[in-house]
1. State which residue pairs qualify: first residue within 18 Å of residue 47 (Cα to Cα) and inside segment 63-85, second residue surrounded by 10 or more Cβ atoms within 10 Å (Cβ to Cβ) and at pLDDT below 95 in any location, beta carbons under 8 Å apart, and separation of 6 or more residues or different chains.
2. Quick check on residue 63: is it part of a helix (DSSP H, G or I) and either modelled with pLDDT under 75 or out of contact with any strand residue (DSSP E or B) (no Cβ under 9 Å at 6 or more places or on another chain) (or both)?
3. Scan 41, 48 and give me the residue that is out of contact with any helix residue (DSSP H, G or I) (no Cβ under 6 Å at 6 or more places or on another chain), surrounded by 11 or more Cβ atoms within 10 Å (Cβ to Cβ) and not in a helix (DSSP H, G or I).
4. If residue 56 meets every condition in (1) surrounded by 16 or more Cβ atoms within 10 Å (Cβ to Cβ); (2) in contact with a helix residue (DSSP H, G or I) (Cβ under 8 Å, 6 or more places away or on another chain); (3) modelled with pLDDT of 90 or more apart from one, which number is that one?
């Protein structure tokens, strides 16, 4: 059985999104236990769920924060990998 992605339904295309904005989903959908952010797109599960219905200002605010979140996740991952060496 196919799993449900961040978009909530496996049959919805990633490019279909709320307020005319493309979803940042890349269909990896794994969430970091500390931050709650998807390790692939940077959104929280709640942000993934509301994407199609959220207002454009809300989507812009979420989108603007994604690079910071992804950089933080990458820094933590590389620090953790360095600890294992």
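1. Close Cβ pairs satisfying both conditions: 63/21.
2. yes
3. It is 41.
4. (1)
The values are calculated or read from the model by the stated rules, or taken from the named source; none is laboratory data. Just so we're clear, the structure is a prediction, and the values are computed from it rather than from any experiment. Ideal geometry is used to build each Cβ from the backbone, glycine not excepted, and the neighbour counts take in all protein chains shown.
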